[in-house]
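Report on the structure given below.
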Amino acid sequence: MRKIQLAISILLFFILTTNCSDKNSSEPIMNKIKFEGITTTDIFGAYTGFYDSFDWRLDDSWQSSEKELFPDYELYNYSCPSDSNNQIVGYPNPILDYMFKLHFDRDSTTRVDFIVVNQNFEEILSLDSVYKQEIAMTFKDVVTEKDSIFRVYYRFVTENNCCYTGHGDIQIK
């Protein structure tokens, strides 16, 4: 019986000290967000190989640092039923010649907001209230490092204030 109590005490001590050390960590939360893996697409948006199952979805659960990218984040409902009418494709990926496109499938009343950040969470590009089906952007004047992975954070906002969030990693070659 005494051995069991000792084993339980040691186990509880280990659990408590492990949890406390994680809570006291001074590492910023953004360092825990990893920019890795891309979904490869050609110049027409067709998948060409590797598919990152975390990219280009509409059901992300964002950490607080990701939510803070959108100052009005708290104004919307993020628990609406999924809407298969909304989709996004980023192409080409990796990016060649700094030109990149985002294609949105959505109804005419749904808008898209997006922000592109580097791995230090510094904003590279952003655009709110996009109602077009597709937009093109260039990274030529804003990116100096090739082979870097950047992240596009986006949200689809419906007219009834439902919001669907996601991200996609892109690489510049």
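The values are calculated or read from the model by the stated rules, or taken from the named source; none is laboratory data. If you're wondering where the values come from, they're calculated on a predicted model, not measured in any experiment. We place every Cβ from the backbone using ideal geometry, glycine too, and count neighbours over all the protein chains shown. Note: accessible area is taken over every heavy atom of the protein model, side chains too, but ligands, DNA and RNA are not part of it. Shrake-Rupley method; radii C 1.70, N 1.55, O 1.52, S 1.80 Å.
Would you mind checking LYS67/LYS101; LYS67/LYS173; LYS101/LYS132; LYS32/LYS173; LYS32/LYS67 for any pair whose Cα atoms are more than 18 angstrom apart? As for pairs spanning more than 18 Å Cα to Cα, those are LYS67/LYS101; LYS67/LYS173; LYS32/LYS173. Translational diffusion of the stretch 85-127, estimated by Stokes-Einstein from the Kirkwood radius over alpha carbon pairs at 10 °C in a medium of 1.306 mPa s, is 131 µm² per second. Taking N as the residue count of the stretch 31-173, its C-alpha radius of gyration divided by 2.2 N^0.38 Å amounts to 0.99. Counting only protein heavy atoms and a probe of 1.4 Å, the accessible surface of the stretch 91-173 is 44% carbon and sulfur. With every protein chain present, what is the per residue accessible area of the stretch 49-135 (1.4 Å probe, Å²)? With the other protein chains kept in place, the stretch 49-135 gives 56 Å² per residue.
Computed extension gain for ASP128 through LYS34, at 0.36 nm per residue and net of the alpha carbon distance, reaches 31.4 nm. For the stretch 166-173, backbone phi angles converted through the Karplus equation (6.51, -1.76, 1.60; θ = phi - 60°) give residue-by-residue couplings of x, 8, x, 8, 10, 10, 9, 9 Hz, Gly and Pro being listed as x.
Model label sites at PHE44 and ASN120, defined 7 Å from Cα along the beta-carbon direction, differ in position by 4.0 nm.
The stretch 100-173 and the stretch 68-91 have Cα centres lying 12 Å from one another. Which residues does a label at TYR51 reach in the stretch 135-169, if reach means a backbone N under 19 Å from a point 7 Å past the Cα toward the Cβ? Those under the cut-off are 166-169.
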